[in-house]
Amino acid sequence: MLRIKAILVLISLLALGGFLWWRWATAPVESKSKETKIFVIPPKTGVRQIAQKLKREGLIRDQIAFFLLVKVKGLEKNIQAGDYRLSPSMDPTTLLQTLTHGTLDVWVTLVEGLRREEIAEKLANIGLENFNKIEFLAATKNLEGQLFPDTYLMPKESDAPRVVAMLTNNFEKKTAQLKPDQQDLILASILER
């Protein structure tokens, strides 16, 4: 009889300890914080890495609790790549809802060999709110070969001039050592196609 009571007390203590840990782990890091951070999730990032990064950036108290919350709610496939405005005042449930409902930016991969028209078409179909294909084509008329193929994280409110600036700035960064002239770029672009 004494042994059964001891086991029941032990089970009760473990349950109480688990309950208290869960309450602590799923509370906001700083409930009165007004600070916000931009949190970026690259494509194909797993839940474990996301939980580790949230903990490292001071947005959650416990990565195991966040991981368990995602698994219990079955939302691991709903978390979207992109960037989010998050705050330490958000509890893990609110963070999770934010990570599954729309990003501030969208990812786009521009592969080598795409013509300006193909790039414009792809950009028009990814959800950029202010993007205009005709404006993009006009702005890139003499930039054949300078629209660098890469993976970009573009703000949803990007317009054509902003997108052109992103692509050409990336080109300048990546080719700073080479110093190619315009004719070489056009020829390389044609050959690549």
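The values are calculated or read from the model by the stated rules, or taken from the named source; none is laboratory data. Everything numeric here is computed off the predicted structure, so don't read it as measured data. Cβ coordinates were reconstructed from backbone atoms using ideal geometry, including for glycine residues, and neighbour counts include every protein chain displayed. With ligands, DNA and RNA removed, areas are computed over all heavy atoms of the protein, side chains included. Shrake-Rupley method; radii C 1.70, N 1.55, O 1.52, S 1.80 Å.
Of the accessible area of the chain, with the probe set at 1.4 angstrom, what percent is carbon plus sulfur? Before the final figure, lay out each step's value.
Numbers: 6820 of 12030 Å².
Exposed carbon and sulfur together represent 57 percent of the surface.
Kindly rank 60-71, 119-130 from highest to lowest mean number of other beta carbons found within 10 Å of each residue.
Details: 60-71: 19.7, 119-130: 16.0.
The packing order, highest mean first, is 60-71, 119-130.
Hey, what angle do you get for helix 182-192 against the long axis of the chain, alpha-carbon based, 0 to 90 degrees rounded to 10?
70
Give me the mean projected area, in nm² to one decimal, of the convex hull enclosing the Cα positions of region 1-58. Spell out each step's value before the answer.
Working: hull surface 24.6 nm².
For region 1-58, the mean projected area of the Cα convex hull comes to 6.2 nm².
For the chain, find the longest principal axis of its Cα atoms and tell me its angle to the long axis of helix 63-73, 0 to 90°, nearest 10.
Long axis of 63-73 versus the principal axis of the chain: about 90 degrees.
Kindly provide the pair-distance distribution of region 87-176 built from C-alpha pairs, with 5 Å bins from 0 and whole-percent values in order of increasing distance.
3, 13, 23, 22, 13, 8, 7, 6, 4, 1
Using a probe radius of 1.4 Å on heavy atoms only, what accessible surface per residue do you get for the chain? Whole Å² is fine.
Details: 12030 Å² over 193 residues.
Normalised by residue count, the accessible surface of the chain is 62 Å².
Output the Kirkwood hydrodynamic radius of the chain, Cα pairs only, in Å rounded to one decimal.
Working: mean 1/r = 0.0498 Å⁻¹.
The Cα-based Kirkwood calculation yields 20.1 Å.
Which residues does the label zone of residue 94 cover in region 1-40, counting backbone N under 15 Å from a point 7 Å along Cα→Cβ?
26-37
Using alpha-carbon pairs under 8 Å, 6+ residues apart, how would you state the relative contact order of region 38-143 in percent? List each step's numbers first, then the result.
Details: 102 pairs, mean separation 24.6, N = 106.
Computed value for region 38-143: 23 percent relative contact order.
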